[in-house]
Number of protein chains: 2
Amino acid sequence: MSLARPVFYVSDGTGITAETIGHSLLTQFDGVDFDSRRLAFVDDADKARRAAETIRQAGERAGARPLVINTIVDSHLSALLAESGALMMDVFAPFIGPMERELGIARTGRVGRAHGLVDFQAYENRINATNYALTHDDGVDVRYEDADVILVGVSRSGKTPTCLYMALHYGVRAANYPLTPDDLDYGELPKRLKPFRRKLYGLTIDPDRLAQIRQVRRPGSSYARPEQCRKEVAVAESLFRSEGIPVLNITHSSIEEIASKMLSALGIERHLY
Amino acid sequence: MSLARPVFYVSDGTGITAETIGHSLLTQFDGVDFDSRRLAFVDDADKARRAAETIRQAGERAGARPLVINTIVDSHLSALLAESGALMMDVFAPFIGPMERELGIARTGRVGRAHGLVDFQAYENRINATNYALTHDDGVDVRYEDADVILVGVSRSGKTPTCLYMALHYGVRAANYPLTPDDLDYGELPKRLKPFRRKLYGLTIDPDRLAQIRQVRRPGSSYARPEQCRKEVAVAESLFRSEGIPVLNITHSSIEEIASKMLSALGIERHLY
């Protein structure tokens, strides 16, 4: 029996960049069993030596050479890591040279720098957008004048997490409005949404999946019954169609994909925080 | 006068990986003026040709060769992009070969694959953790038994966004408890927190920065007065010290850094969603 191949995401900062690209690389190799760990804030020689030792030991235990996805910029620290004997994949290294030649200047980066100095303005944008999403969740506060986008959909169709994600990562003020059974009976766009038609975006979901999600939330309720879910989804989708509201089906998408597709569709250009 | 250097983050998926690594690369080159854009979901030949044309035109307008940070896996689509004449930086390309040799198998990845098929279990973990964070925000619901971590700090010290980030990205159930002026007068840990001492994590912040944040929220209030902020922060910090609660100062950290440091400190091993 062979153990899983050890993989380490190593960084002088949070490790998010290393883990993001590393995870993408691993998904390219179907069927291989990986055992991955993040080693964050490795920003001095002592920590780099300790990290190298951790990596070396993991390789020994697994009986396989570890893989290291490394975003540490300081080549001295990277060299210490390499003493672990792992296959080193330095995420930035292949690109720094070509960029230096293209731009005609040497890089100025320092340790930890790659992961961003904190930017008060960015922090404020994120926090304000998050507060906005929290106070405009589920139709409680309906002053939609300031919204960048208003997500509309039946209960449990993914509105809240999508709004929070867009706020935290893009500083987008995303409100959401749940289509209640009353709204669906009414058969047209709820009155309070009409003035904001151009900001509306519909979310929909496979009814069986919806029933599954609602079942976890309120087991045995009529709200979670498959027929109820099918009916609500059908009416909501027909409403989106007749009102000309763009729609995304979230069933097979991650929160990141939903947010990214929606921003593209709305033509909202925002940088990722 | 020269225009900013055009930069494109191009992806067959959300573009998040491309933008994350691209942003890190750009921060290595201080003083260069970049104009960056994301081109997401470029997953067929038509879209790749259109993207190449957009990139080519941006270079012409700026009078400078564009930089492309590309996470498209399909080499045929990448070749179409390269016809833009941009400096192509293919994020995965340098690592696929070494990984294939190390693992002894060819990669199995397909277009869009790098960014993950949706995983229902992962979605549910994120949503459940997010719901938990929402219902355990600001001490409203105090059933902390299920919390992975409970953030403690004065009002506006960054508890809510940190909790939401940890929920959305790590599936961590993070509750938070705001230290009110009453709690601070009481001078010891609020009673309801005592049984959960090992899950507590303190957040603190530079008092001047806190005053600035509160001032935006409630202009001219006594709550936002610098003396009030200094007093609250001093008492909260002394409480953390006397109760032996670990503390992070958020003033110079991004939300990502706070979350990542806290997980490291608590020994919570979670993968990034």
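The values are calculated or read from the model by the stated rules, or taken from the named source; none is laboratory data. Because the structure is a prediction, the values reported are computed rather than measured. We place every Cβ from the backbone using ideal geometry, glycine too, and count neighbours over all the protein chains shown.
Descriptive notes on the structure:
- Test: residue in the stretch A:138-153 that is among the basic types (Lys, Arg), at pLDDT below 75 and over 21 Å from the mean Cα position of the chain (by Cα): no
- Taking the listed residues A:THR135, A:THR71, A:THR54, the one that is modelled with pLDDT under 90 and hydroxyl-bearing (Ser, Thr, Tyr) is A:THR135, with no other qualifying.
- Top-ranked residue in the stretch A:66-81 [being surrounded by fewer than 17 Cβ atoms within 10 Å (Cβ to Cβ) and not hydroxyl-bearing (Ser, Thr, Tyr); ranked as farthest from A:ARG107 (Cα to Cα)]: A:ALA79
- Considering the stretch B:35-53, the residues that are crowded, with 16+ Cβ neighbours inside 10 Å and under 21 Å from A:HIS271 (Cβ atoms) include one that is nearest to the other protein chains (Cβ to nearest Cβ), namely B:ALA40.
- Residue that is farthest from the chain's Cα centre (by Cα), among those in the stretch A:1-34 that are buried (at least 24 other Cβ atoms within 10 Å of the Cβ) and part of a loop (DSSP other than H, G, I, E, B): A:ASP12
- Residue, nearest to the other protein chains (Cβ to nearest Cβ), within the stretch B:1-34, restricted to residues that are charged (D, E, K, R) and touching a strand residue (DSSP E or B) at 6+ places or on another chain (Cβ under 9 Å): B:GLU19
- Filter result (within 10 Å of B:THR14 (Cα to Cα), more than 7 Å from chain B (Cβ to nearest Cβ) and either of a type in the set (Ser, Thr, Tyr) or free of Cβ contacts under 8 Å to residues at least 12 places away in the same chain (or both)) within the stretch A:258-273: none
- If you check A:LEU179, A:LEU151 for being buried (at least 23 other Cβ atoms within 10 Å of the Cβ), touching a Phe, Trp or Tyr at 6+ places or on another chain (Cβ under 7 Å), more than 11 Å from chain B (Cβ to nearest Cβ) and closer than 30 Å to A:ARG214 by Cβ, only one passes: A:LEU151.
Listed here are the residues, each with its yes/no results for (1) at pLDDT below 90; (2) of a type in the set (Val, Ile, Thr); (3) within 27 Å of A:ALA129 (Cα to Cα).
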site	(1), (2), (3)
A:ASP185	no, no, no
A:LEU193	no, no, yes
A:ARG214	no, no, no
A:GLN228	no, no, no
A:ALA234	no, no, no
A:SER238	no, no, no
A:ILE250	no, yes, yes
A:ALA265	yes, no, yes
A:ARG270	yes, no, yes
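- One residue stands out among those in the stretch B:54-94 that are within 12 Å of chain A (Cβ to nearest Cβ) and among the β-branched types (Val, Ile, Thr): the one that is farthest from A:ILE21 (Cα to Cα), which is B:VAL68.
- Test for B:TYR223: is it touching a Cys at 6+ places or on another chain (Cβ under 9 Å) and surrounded by fewer than 22 Cβ atoms within 10 Å (Cβ to Cβ): yes
- Considering residues of the stretch A:234-257 that are touching a Leu at 6+ places or on another chain (Cβ under 6 Å) and in contact (Cβ under 8 Å) with a residue 60 or more places away in the chain only, the residue nearest to the other protein chains (Cβ to nearest Cβ): A:ILE250
- Sole residue being in the same structural domain as A:ILE127 (by TED's automatic domain parsing) and under 19 Å from the mean Cα position of the chain (by Cα), chosen from A:CYS229, A:CYS163: A:CYS163
- Of all residues in the stretch A:182-220, those satisfying the criterion of being surrounded by 18 or more Cβ atoms within 10 Å (Cβ to Cβ) and either outside the structural domain of A:VAL247 (by TED's automatic domain parsing) or among the small types (Gly, Ala, Ser) (or both) are A:GLY202, A:ALA211.
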